[in-house]
1. Return only the number of the condition from (1) touching a His at 6+ places or on another chain (Cβ under 9 Å); (2) part of a helix (DSSP H, G or I) that Phe112 does not satisfy.
2. Go over the candidates Glu121, Glu97, Glu140, Glu125 one by one and state the one that is part of a loop (DSSP other than H, G, I, E, B), within 12 Å of the chain's Cα centre (by Cα) and over 15 Å from Asp13 (Cβ atoms).
3. So which residues in segment 66-89 are within 19 Å of Leu43 (Cα to Cα) and among the charged types (D, E, K, R), if there are any at all?
4. If Asp116 satisfies all but one of (1) touching a Phe, Trp or Tyr at 6+ places or on another chain (Cβ under 8 Å); (2) closer than 15 Å to Thr40 by Cα, what's the number of the condition it fails?
5. Kindly evaluate Ala92 against the criterion of being farther than 17 Å from Leu43 by Cα and buried (at least 19 other Cβ atoms within 10 Å of the Cβ).
6. For segment 95-116, which positions are within 19 Å of Gly25 (Cβ to Cβ) and either surrounded by 17 or more Cβ atoms within 10 Å (Cβ to Cβ) or touching a residue at least 12 places away in the same chain (Cβ under 8 Å) (or both)?
7. Select from segment 112-126 the residues that are in contact with a helix residue (DSSP H, G or I) (Cβ under 8 Å, 6 or more places away or on another chain) and of a type in the set (A, V, I, L, M) and list them in ascending order.
8. Counting only residues that are surrounded by 13 or more Cβ atoms within 10 Å (Cβ to Cβ), assigned to a helix (DSSP H, G or I) and of a type in the set (Gly, Ala, Ser), which one in segment 23-54 is modelled with the lowest pLDDT?
Amino acid sequence: MAELRKGERSGLDDVELAWPGGPFGDRLVELVLAGTKRATCSLLAEWESEGRELPEPGSRWALIDSAGRERGVVETTEIRVIPIGEVDEEFALAEGEGDENVAEWRAGHEAFWASDQPHVEITDETMVVAERIRLVERFEGEG
């Protein structure tokens with residue numbers, strides 16, 4: 001799950017992708033900055049357990065790396081809460097993480113979530129937050 005803080009540079013909430021402080025999250029940041037990652041997905045249960053409200057289209061957040069540096073500004077362009085079984089190949093490929101089809105995408109996400117929350121069982125009906133994003137600004141001199 002992404003971690004929220006307030007950014008000093010942009011004044012926006014910061015979002016660190018994947019686990020805070022890890023190389024996997026840094027890889028995701030680089031994919032966003034390259035324009036390869038145009039979507040992200042999380043478990044609805046994580047949002048609910050943290051008492052966080054879902055972003056709306058037009059919401060902006062600061063993208064940060066594992067060192068806490070703001071690397072850019074990202075905007076949510078679409079958000080859907082759907083069963084994971086309804087995630088289509090177009091969305092899976094828009095995540096830009098190298099999966100060749102929706103089955104690979106799902107297997108990778110299930111493994112990621114299981115490593116963070118081993119008690120969570122993923123079924124076709126598990127609700128996910130499918131968010132489309134776009135890079136609005138890239139901060140030069142970072143990274």
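The values are calculated or read from the model by the stated rules, or taken from the named source; none is laboratory data. Just so we're clear, the structure is a prediction, and the values are computed from it rather than from any experiment. Counting neighbours? That spans all protein chains shown, and the Cβs are built from the backbone with ideal geometry, glycine included.
1. (1)
2. Selected residue: Glu97, the only one of Glu121, Glu97, Glu140, Glu125 that is part of a loop (DSSP other than H, G, I, E, B), within 12 Å of the chain's Cα centre (by Cα) and over 15 Å from Asp13 (Cβ atoms).
3. Kept after step one, since they are within 19 Å of Leu43 (Cα to Cα), are these residues of segment 66-89: 76-89.
Glu78, Arg80, Glu86, Asp88, Glu89, listed by residue number.
4. (2)
5. Numbers: farther than 17 Å from Leu43 by Cα: no; buried (at least 19 other Cβ atoms within 10 Å of the Cβ): yes.
Against the criterion (farther than 17 Å from Leu43 by Cα and buried (at least 19 other Cβ atoms within 10 Å of the Cβ)), Ala92 does not qualify.
6. Just the residues of segment 95-116 that are within 19 Å of Gly25 (Cβ to Cβ), to begin with: 95-99, 105, 108-116.
Once the filter is applied, which keeps residues that are within 19 Å of Gly25 (Cβ to Cβ) and either surrounded by 17 or more Cβ atoms within 10 Å (Cβ to Cβ) or touching a residue at least 12 places away in the same chain (Cβ under 8 Å) (or both), segment 95-116 yields Glu95, Gly96, Glu97, Asp99, Trp105, His109, Glu110, Phe112, Trp113, Asp116.
7. Scanning segment 112-126 gives Val120, Ile122.
8. Only one residue fits best here, namely Gly25.
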